[in-house]
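Visitor: First the structure, then my questions, so here it is.
The values are calculated or read from the model by the stated rules, or taken from the named source; none is laboratory data. Here the structure is a predicted model, which is why all the values come from computation and not from measurement. Cβ: placed from backbone, ideal geometry, glycine included. Neighbour counts: every protein chain shown. Keep in mind that these areas ignore ligands, DNA and RNA; they rest on the heavy atoms of the full protein, side chains included. Shrake-Rupley method; radii C 1.70, N 1.55, O 1.52, S 1.80 Å.
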Amino acid sequence: GSSGGSYYERENYALGRSMEPGSTFKLATMLTLLDDAGMSPETTYDTHNGDPVTVGPARNIRDSHRGDHVIDFRRAVASSSNVYFAKAIWERYADNKERYSDFMKKLHLDQTVGLEAFGEKKPLFQDWKEVPDPNSMLVRRSFGYRIKLSPIQVITLYNAIANGGKLVRPRLVKAIMRDGEVVQEFPVQVVKEQIAKPQTIEWIQRILREVVSEGLGKKAGSDKFEVAGKTGTAQMSKGALGYKAGGTNYLLSFAGYFPADNPRYSCIVCIQKEG
């Protein structure tokens, strides 16, 4: 935060700030559709040119991008289509929500990544029985609402894609040294050896590269190395007023890794903006 022109660290946003991630969460939806539901990337849906549509019980689902009608999976990712993912998830999981939740849990999205000691909060991952509108929650969760994650939890999933499917706990400290001697080492902790089939991981790695080379993530690209990742824009409700009252805040984000062919670094950037 800033006060009187000076900046100070008030809160560890990366660990402690849970928020609806919006489109960066579509990575989880992509994995669910391709890996768990076995959907072909050639599958098409009509996204109605960005006009509002109803999917299941959820009204006013729309894409920010206009001009698209019937599109396939790759185009849906590149243009970050809410309608495509909502339709695809609703069609496959409306009658099987527990299976959807089971796969989310397989991706570890209901759990912390092991940094509670540094202020990490548990994701808000409500069960179907806890809410009055489970069908609507399923649809909206497909494009990153009705679930709250901290940035470190989102990037941990992207890291698993960069690692070829291996989900590991983030390490803040590799080793503690004293007088040149290692006092304590913190080895890599693998949460899951393989979160999805190798073929799925390959497809998604390729598509995340295309998002940056050809899609909405172009600005995150570099002429020095290839970047893979996903952009996101999420509306943020202003507390009890909800989304509709008195202006909206937006969470603009990008999650990705580089160099795409041999990943060494990953990052997530989140910017809050008044609408």
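Visitor: Return the residues of the stretch 34-61 that are closer than 12 Å to residue 203 by Cα and crowded, with 19+ Cβ neighbours inside 10 Å; say none if nothing qualifies.
Guide: Residues satisfying the conditions are 34, 35.
Visitor: If you don't mind, there's one more thing I want to ask. Find the residue count for the stretch 62-77, including only residues that are open to solvent by 40 Å² or more (accessible area, probe 1.4 Å) and either part of a strand (DSSP E or B) or among the small types (Gly, Ala, Ser) (or both).
Guide: Within the stretch 62-77, residues that are open to solvent by 40 Å² or more (accessible area, probe 1.4 Å) and either part of a strand (DSSP E or B) or among the small types (Gly, Ala, Ser) (or both) number 3.
Visitor: Right, something else. Given the residues 136, 101, 80, which is the only one that is open to solvent by less than 70 Å² (accessible area, probe 1.4 Å), closer than 23 Å to residue 156 by Cβ and outside any loop (DSSP other than H, G, I, E, B)?
Guide: 101
Visitor: Yes or no: residue 176 in contact with a helix residue (DSSP H, G or I) (Cβ under 6 Å, 6 or more places away or on another chain), open to solvent by less than 90 Å² (accessible area, probe 1.4 Å) and among the aliphatic types (A, V, I, L, M)?
Guide: No, not satisfied.
Visitor: Sticking with this one: For the stretch 9-23, check the following and say yes or no: at least one residue is touching a Pro at 6+ places or on another chain (Cβ under 8 Å), more than 19 Å from residue 210 (Cβ to Cβ), among the hydroxyl-bearing types (Ser, Thr, Tyr) and not in a loop (DSSP other than H, G, I, E, B).
Guide: Within the stretch 9-23, one or more residues are touching a Pro at 6+ places or on another chain (Cβ under 8 Å), more than 19 Å from residue 210 (Cβ to Cβ), among the hydroxyl-bearing types (Ser, Thr, Tyr) and not in a loop (DSSP other than H, G, I, E, B).
Visitor: A further question follows. Within the stretch 177-258, considering only strands (runs of 3 or more DSSP E) that don't extend past its boundaries, which have at least 2 residues that are hydrophobic (A, V, I, L, M, F, W, C), modelled with pLDDT under 85 and under 30 Å from residue 102 (Cβ atoms)?
Guide: Ranges flagged: 228-236.
Visitor: Do we find that residue 149 is under 17 Å from the mean Cα position of the chain (by Cα), under 22 Å from residue 231 (Cα atoms) and surrounded by fewer than 17 Cβ atoms within 10 Å (Cβ to Cβ) in this structure?
Guide: Here the answer is no, as residue 149 does not meet what is asked.
Visitor: Quickly run through the stretch 10-33 and pick out the residues that are surrounded by fewer than 16 Cβ atoms within 10 Å (Cβ to Cβ) and basic (Lys, Arg).
Guide: 10
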